[in-house]
Amino acid sequence: MARGLGYIPILADAHQIPFVSGFTDIVTLNATIHHCDDMAKVLAEAARLVRPVGMLISDRDQQLTSMDFKGIFLWLSMDFKGISLWLWKFRLLVFRVMKRGAHSNQEQQDCMLATEIHAEYPGDGVTPELYYNTLEPMGFQVNLYPHNNNVGAPALQGNYGRAKFRWRLLQQLSGINPNSPEAAMSLMCVATKKN
């Protein structure tokens, strides 16, 4: 697809990108960080590429506070024994039948599951501290916008959108206010490198 648009695709490890520092105006990370072994290192590597007054935009990574389910839901999600293991496997079968996303065949499913390093269980995800602690020391002004993956640009004005019913229910049962910014499923970061 990149070649078709006139770009030269490069396959590289996101923890060690083979480009010189400060060479580009914009770097984007879309649903990337939570699939990497060291989220802070990947974020710092992407930020290293941005020149002064350039931007780094990161989005579609799960916000940790939105997934902090407690009680039975934590047990069901993390233990993967008995009925929870059956439900987990059944979910994949349903996705494959529906040809949803990267689940249409076993090979795609295996690849997708192998990369769910930080999104596999409740209690994992990105935090504001990840962005602030990584990017501010590198000279970035950090702005964060929580949202539920369904509002687009209005997220920049504080519109979180509404999460799907199942997420809202799990959050309510776990003591999380589903209308709070902490309950938003994703945390978008728009960071500008200072001059």
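The values are calculated or read from the model by the stated rules, or taken from the named source; none is laboratory data. Note that this is a predicted model, so its numbers are computed, not measured. Cβ sites come from the backbone with ideal geometry, for glycine too, and all protein chains shown count toward neighbours.
Scanning the range 156-183 for residues that are out of contact with any helix residue (DSSP H, G or I) (no Cβ under 6 Å at 6 or more places or on another chain) and buried (at least 21 other Cβ atoms within 10 Å of the Cβ) yields 160, 163.
Only one of the numbered conditions (1) among the β-branched types (Val, Ile, Thr); (2) at pLDDT below 75; (3) surrounded by 15 or more Cβ atoms within 10 Å (Cβ to Cβ) is violated by residue 117, and that is (3). With respect to the conditions (1) farther than 14 Å from residue 47 by Cα; (2) crowded, with 16+ Cβ neighbours inside 10 Å, residue 140 lacks only one, and its number is (1). For first residues located in the range 169-192 and at pLDDT 95 or above, partners that are among the polar types (S, T, N, Q) and assigned to a loop (DSSP other than H, G, I, E, B) and lie 6+ apart or on another chain with Cβ distances below 6 Å do not occur.
Of all residues in the range 27-61, those being of a type in the set (Val, Ile, Thr) and under 16 Å from residue 141 (Cα atoms) number 5. When 26, 33 are checked against the criterion of being touching a residue at least 60 places away in the same chain (Cβ under 8 Å), of a type in the set (Val, Ile, Thr), within 26 Å of residue 149 (Cβ to Cβ) and in the same structural domain as residue 171 (by TED's automatic domain parsing), a single residue qualifies: 33. For residue 155, the criteria (1) within 25 Å of residue 42 (Cβ to Cβ); (2) under 15 Å from the mean Cα position of the chain (by Cα) hold in every case but one, which is (2).
Just checking, does the range 143-151 include any residue being surrounded by fewer than 18 Cβ atoms within 10 Å (Cβ to Cβ), assigned by TED's automatic domain parsing to the domain that holds residue 48 and farther than 19 Å from residue 128 by Cα? Yes.
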